[in-house]
Amino acid sequence: RQCADWIDSYLKLTENTEPPEIFHKWVAISCIAACLQRKCVLPWGRLRFYPNLYVVLIAPPGRARKGTAMDPVMQFLEEPRLNIRLAAEAITREQLIRELQNSEEIITLPDGRLMSHCSLTICNSELTVFLGYKNPQLIDDLTDWYDCKRRWIYRTKTSGEYEISGVWVNILGATTPELLRSSLPPVAIGGGLTSRMVFVYAGQKRRTVPDPFLTKEDLILEEYLVNDLEGIRILAGEYQPTEDYIT
């Protein structure tokens, strides 16, 4: 481990940029989730919590640099060493289901058991393009997948049956309030998909940065961050809360 705290180190890397810090913080959290995947879980009584998040950066057009906030993390997630499965930016519902099924990975847990999971991250700076215009079937799928079902089946008339074991979908997106309102059907507002989303709003950029160049120290820190993500990527198994936390 080369960074004492990955999120704090990422915020330091992105200090000399225009997006608000709150955007960078939630982008960093989503990046860690993308590396943990369904391999990691927190048992909580009868419940099991997986580290998938539906994070959406919200800002007026051209005001808070929401797309710019996603750029550094996209560079990390596309790093071949991490082997993160990313969905295409524009895709049909059927192809997305196939991509989720094709993301299957079999790993060995710390206790020696084999586990199969299908973990896919959707990362799109124009989330409404991905969602389409009032696309109820895709919205229903994303709502259903949020719960990380052990088994999800999709049957078609002509292409047969798709069975996905160990569903895990993580979303990092950005849009404007107006586009989000126009792309989602009324049934999704206030419940359904939006109740599962973390909306992160900023009204304007943090500052104007005319020279957003990386220093030699930044390049070293960037490499440290990627190296630590490699370590996060291989984590697997159950997290156990301490007695102090429970009480």
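The values are calculated or read from the model by the stated rules, or taken from the named source; none is laboratory data. This structure is a prediction, so every number in the text was calculated from the model and none was measured. As a convention, Cβ positions derive from the backbone with ideal geometry for all residues, glycine included, and neighbour counts pool all protein chains shown. For accessibility, only protein heavy atoms count, side chains too; no ligands or nucleic acids. Shrake-Rupley method; radii C 1.70, N 1.55, O 1.52, S 1.80 Å.
Between SER165 and VAL187, what is the FRET efficiency for a Förster distance of 25 Å, r being their Cβ-Cβ separation, to the nearest 0.05?
0.30
Could you list the square roots of 5 times each eigenvalue of the Cα gyration tensor of region 43-120, that is, the equivalent ellipsoid semi-axes, sorted largest first and rounded to whole Å? Please report the intermediate quantities before stating the final value.
On the way: eigenvalues 168, 62, 44 Å².
Semi-axes (√(5λ), whole Å): 29, 18, 15.
On the full set of protein chains, 1.4 Å probe, figure out the accessible area of ILE232 and give it in Å² to the nearest 10.
We get 30 Å² for ILE232.
Helix-only estimate, please: 222 nm mean residue ellipticity of the chain, summing -39500 (n - 2.57) across DSSP H runs of length 4 or more and dividing by its residues, to the nearest 500.
-10500 deg cm²/dmol
For region 147-194, state what percent of all Cα-Cα pairs lands in each successive 5 Å bin, counting from 0 Å until the bin that includes the largest distance.
The percentages, shortest bin first, are 5, 14, 16, 17, 16, 19, 12, 2.
Can you bin every Cα-Cα distance in region 95-179 into 10 Å intervals starting at zero and give me the percent of pairs per bin, rounded to whole numbers?
It works out to 15, 44, 29, 11, 2, in whole percents.
Most fluctuating residue of ILE171, ILE22, ILE189 in a GNM of the chain with Cα springs under 10 Å: which is it?
For the chain, modelled as a Gaussian network with Cα springs under 10 Å, the answer is ILE189.
Under a 10 Å cutoff between Cα atoms, tell me which one of SER195, SER103, SER30 has the largest fluctuation in the Gaussian network model of the chain.
SER195
Put +1 on the Cβ of every Lys and Arg and -1 on every Asp and Glu Cβ in the chain; which of ILE189, LEU109, SER165 then has its Cα farthest towards the positive end of the dipole?
ILE189
When the Kirkwood hydrodynamic radius is evaluated over all pairs of different C-alpha atoms of region 130-247, what value in angstrom, to one decimal, is obtained?
19.1 Å
Can you compute the radius of gyration and Dmax for the chain, using only the Cα atoms, both in Å?
Cα only, the chain: 18.6, 57 Å (Rg, Dmax).
Please list, in order along region 9-14, the HN-Hα scalar couplings obtained from phi with the Karplus expression 6.51 cos²θ - 1.76 cosθ + 1.60 (θ = phi - 60°), rounded to whole Hz, x for Gly and Pro.
5, 5, 5, 5, 4, 9
Could you give each residue of region 163-172 its phi-based ³J(HN,Hα) in whole Hz, using Karplus coefficients 6.51, -1.76, 1.60 with θ = phi - 60°, and x for Gly or Pro?
With the stated coefficients, region 163-172 comes to 10, 10, 9, x, 6, 7, 10, 10, 10, 10 Hz.
Relative contact order, percent, of the chain when contacts are C-alpha pairs under 8 Å separated by at least 6 residues?
Relative contact order comes out at 34 percent.
State the Kirkwood hydrodynamic radius of region 1-96 in Å, one decimal place, computed from all pairs of distinct Cα atoms.
15.3 Å
What is the set of long-range amide H partners of GLN2 at a cut-off below 5 Å, with H atoms built 1.01 Å from backbone N?
Residues meeting the criterion, in which the H sits 1.01 Å from N, are ASP228.
For region 69-96, list residues with backbone N below 20 Å from a point placed 7 Å from the Cα of GLN204 toward its Cβ?
Only 69 pass the distance filter.
Whats the longest run of the chain with zero GluC sites (Glu not before Pro) that are DSSP loop and have at most 14 other Cβ atoms within 10 Å?
90-247
Whenever you get a sec, compute what percent of the accessible area on region 1-61 sits on carbon and sulfur atoms (1.4 Å probe).
Percent of accessible area from carbon and sulfur atoms in region 1-61: 56.
Just flag the trypsin sites (Lys or Arg not before Pro) in region 66-122 sitting in loop per DSSP whose Cβ has no more than 15 other Cβ atoms within 10 Å.
Within region 66-122, the qualifying trypsin sites (Lys or Arg not before Pro) (loop, at most 15 other Cβ atoms within 10 Å) are ARG81, ARG113.
Taking only protein heavy atoms into account and a 1.4 Å probe, give the accessible area per residue of region 110-247 in Å².
Values: 7920 Å² over 138 residues.
Roughly 57 Å² per residue, with all protein chains present.
Once phi is turned into ³J(HN,Hα) by the Karplus curve 6.51 cos²θ - 1.76 cosθ + 1.60 with θ = phi - 60°, what whole-Hz value does each residue of region 230-247 show in order, with x for glycine and proline?
4, x, 5, 4, 8, 5, 7, x, 9, 8, 10, x, 6, 5, 4, 5, 5, 7
Roughly how many percent of the accessible protein surface of region 140-247 is carbon and sulfur, given a 1.4 Å probe and a whole-percent answer?
Carbon and sulfur: 53 percent of the exposed surface of region 140-247.
Taking amide H positions as placed 1.01 Å from N in the peptide plane, with prolines and chain starts having none, which residues 5 or more places from TYR239, or on another chain, fall under 5 Å of its amide H?
Excluding prolines and chain starts, which carry no amide H, the hits are VAL41, LEU42.
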